[in-house]
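Data block below; observations after.
The values are calculated or read from the model by the stated rules, or taken from the named source; none is laboratory data. Please read these numbers as outputs of a predicted model, since none were measured by experiment. Here the Cβ is made from the backbone with ideal geometry for all residues, glycine too, and neighbour counts use every protein chain on show. Accessible surface is based on the protein model in full, side chains and every heavy atom, while ligands, DNA and RNA are left aside. Shrake-Rupley method; radii C 1.70, N 1.55, O 1.52, S 1.80 Å.
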Amino acid sequence: MRARIHIGQVLFALYPLLIFAGLQFLDPRSVALLVLAALALRYRRHTLRILADFSVAQFVALAVAPLLGLAVLATNSEVLLRLYPAAISTSMLILFGVTLVHPPSMVERFARMQQEELSPESVRYTRRVTLAWCAFFVLNGAIAAWTAIFASREAWALYNGFIAYLAMGTLFAGERLLRRRLLPAA
């Protein structure tokens, strides 16, 4: 089955580069308004499915990006606008981290979408992978925040629009290779 890519997914992935370009012509408040509109359009159809069985902490995590957008509208702050990738990493850390405390882990949930029954070894493995993603979100969020506050627009766009995606893809691909080696049946 072939995966469908929607324009919203492409725009979300290109966020840092679009912000960089937008800030060349618009003030942060105008760019934030466009971001909030894009978020509303992106999640309008999936809201109920996404929110099912979420904890309070996970609801808070989902509120971070829209609240940051509202803060940019109120303050017209470019730094707050550039903090969006750090906020997303923080949200993902919360979403994944909560599942380490209240199983099943996030990666186990994803795995069970593909294969209903998992061995105890696979469950332990998915928990470790969830932990690895949490570590990634901490590191990525810290670097994204540093670039938002201290780096030039160009350095911010380079890290958040390219290097972070390269690191994410490397972790994803490396985990897949490791999984095939450690869990041949998976």
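Could you tell me which residue of the stretch 83-109 is nearest to S122 (Cα to Cα), considering only residues that are among the β-branched types (V, I, T) and open to solvent by 20 Å² or more (accessible area, probe 1.4 Å)? Lay out the reasoning, then the answer.
If we filter the stretch 83-109 for residues that are among the β-branched types (V, I, T), which is where we start, we get 88, 90, 94, 98-99, 101, 107.
From what's left, open to solvent by 20 Å² or more (accessible area, probe 1.4 Å): 88, 90, 94, 98, 101, 107.
Numbers: I88: 28, T90: 26, I94: 23, V98: 19, V101: 18, V107: 10 Å.
It comes out as V107.
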Checklist entry - How many residues does the stretch 152-173 contain that are open to solvent by 20 Å² or more (accessible area, probe 1.4 Å) and either aromatic (F, W, Y) or without any contact (Cβ under 8 Å) to a residue 12 or more places away in the chain (or both)? => result 12
Next on the checklist: Every residue in the stretch 65-82 that is assigned to a loop (DSSP other than H, G, I, E, B) and open to solvent by less than 40 Å² (accessible area, probe 1.4 Å), please.
Outcome noted: S77
Next on the checklist: Looking for something surrounded by 18 or more Cβ atoms within 10 Å (Cβ to Cβ), at pLDDT below 95, not in a loop (DSSP other than H, G, I, E, B) and not small (G, A, S) - is there at least one such residue anywhere in the stretch 130-144?
Outcome noted: no
Next on the checklist: Could you go through the stretch 40-62 and let me know if any residue there is of a type outside the set (V, I, T), assigned to a helix (DSSP H, G or I), more than 30 Å from P103 (Cα to Cα) and modelled with pLDDT under 85.
Outcome noted: yes
Next on the checklist: Can you tell me which condition E116 does not meet? The list is (1) more than 19 Å from the chain's Cα centre (by Cα); (2) acidic (D, E); (3) part of a helix (DSSP H, G or I), and all the others hold.
Outcome noted: (3)
